1. Which pairs in the list Lys220/Lys271; Lys148/Lys186; Lys236/Lys339 are over 31 Å apart, alpha-carbon to alpha-carbon?
2. Stokes-Einstein D for the chain at 4 °C, 1.567 mPa s, Kirkwood Rh over Cα pairs, in µm²/s?
3. Helix 22-33 versus the longest principal axis of the chain: what angle, 0 to 90°, nearest 10, using Cα atoms?
4. Return the calculated 222 nm mean residue ellipticity for the chain, to the nearest 500 deg cm²/dmol, obtained by summing -39500 (n - 2.57) across DSSP H runs with n ≥ 4 and dividing by the residue count.
5. Would you mind computing, in nm to one decimal, how far apart the modelled labels at Lys321 and Glu18 are, each placed 7 Å from Cα along Cα→Cβ?
6. Extending each Cα 7 Å along its Cβ direction at Ser50 and Asp78, get the distance between those two points in nm, one decimal.
7. For Tyr138 and Glu244 in the same chain, what is the full-extension length gain: residue separation times 0.36 nm, less their Cα-Cα distance, in nm?
8. Using a Gaussian network model on the chain with a 10 Å cutoff between Cα atoms, which of Thr211, Thr201, Thr96 fluctuates the most?
Amino acid sequence: MKERLQALQQEALNKVEEATTLDELQTIRVSYLGKKGPITEVLRGMGKLSPEERPVIGELANKVREVIANQLDHKKADLEAQALEKKLETEKIDVTLPGRPVSVGGAHLLTSIVEEIEDLFIGMGFEVREGPEVETDYYNFEALNLPKDHPARDMQDSFYITEELLMRTHTSPVQARTMNEYKGNKPVKMICPGKVYRRDTDDATHSHQFTQVEGLYVDKDVRMSDLKGVLNQFAKQFFGEEREIRLRPSFFPFTEPSVEMDISCKVCHGKGCSVCKQTGWIEILGGGMVHPRVLEMAGYDPSVYSGFAFGMGPERIAMLKYGVDDIRHFYTNDVRFLKQYHKA
């Protein structure tokens, strides 16, 4: 039995030395050291030995098992090292090659324009307020001096959910909500950006969904000249210091007096061209002094408080500033178009 164990050891060591793969090593390990292997069979036959031979054969069998296991481990480490070296050799990277640029996204042009508008007005002391896009009829119309039978509602016929709930047609309800929150006890100086919805036919200059940024300033002794100064600063900031503005009389139910604001055409510098339709001016936004009735409904005393409001469309601002000729470009998600303005 002693000779049998020594022969098994030498046989196993020879096979380990000849093995070239990890799978072959595993097969050898199972064959010689497994429960059904020859060494285990030798140990099971120790009952036939004399009491003097058993400890000798048992010690030898354990030593043989240990020698074979150690040799298997060493061989396994060698084969793994060889496999890693081969893999590194075949998969090495040439670090002298130029890198591949990583494509990164950027802000949507409208997002950039809105953030730029916000930064400008925050710098002038305005705060940014937001409100719900699903609005009540009261805040969307009635609190802004547009009762249910007012003809101006037809211009903003929108998407109704119920008779008293609709998708907001402008961001002015945020102004009414803010004034109601303050209960006529303190000044309001805010802008409210957000999405709005109207039943418009989509074309190059209209969309059923678009964005607005509206502003409101209510305090004691607020005058039309304050509105003109704020809008003049806005125009020069966005379109260049050389831009001139003009205010034309207009009508809005929630302001009185009301105005439309134009900026001088950057193409012809006021001389008249096809871009400005030969007028030298381009309409940009509307505004006016807050109607006394709107102040009263919000809890402000119009004999003490006055204010101005204005509203603009970031789409129109972007189209004028960057020469975009179709509002639908902002919403069709053409990556070729959007990538042009990632750094705008």
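The values are calculated or read from the model by the stated rules, or taken from the named source; none is laboratory data. The shown structure was predicted, so the numbers you read here are calculated from the model rather than taken from an experiment. We place every Cβ from the backbone using ideal geometry, glycine too, and count neighbours over all the protein chains shown. To get the accessible areas, we keep the full protein, side chains included, count just its heavy atoms, and leave off ligands, DNA and RNA. Shrake-Rupley method; radii C 1.70, N 1.55, O 1.52, S 1.80 Å.
1. Result: Lys220/Lys271 exceed 31 Å.
2. Details: Rh = 26.9 Å.
It comes out at roughly 48 µm²/s.
3. Approximately 40 degrees, to the nearest 10.
4. On the way: 11 runs with 140 residues, N = 344.
That comes out to -13000 deg cm²/dmol.
5. Label-label distance for Lys321 and Glu18, simple model: 8.0 nm.
6. 4.1 nm
7. Value of the extension gain: 34.4 nm.
8. Thr96
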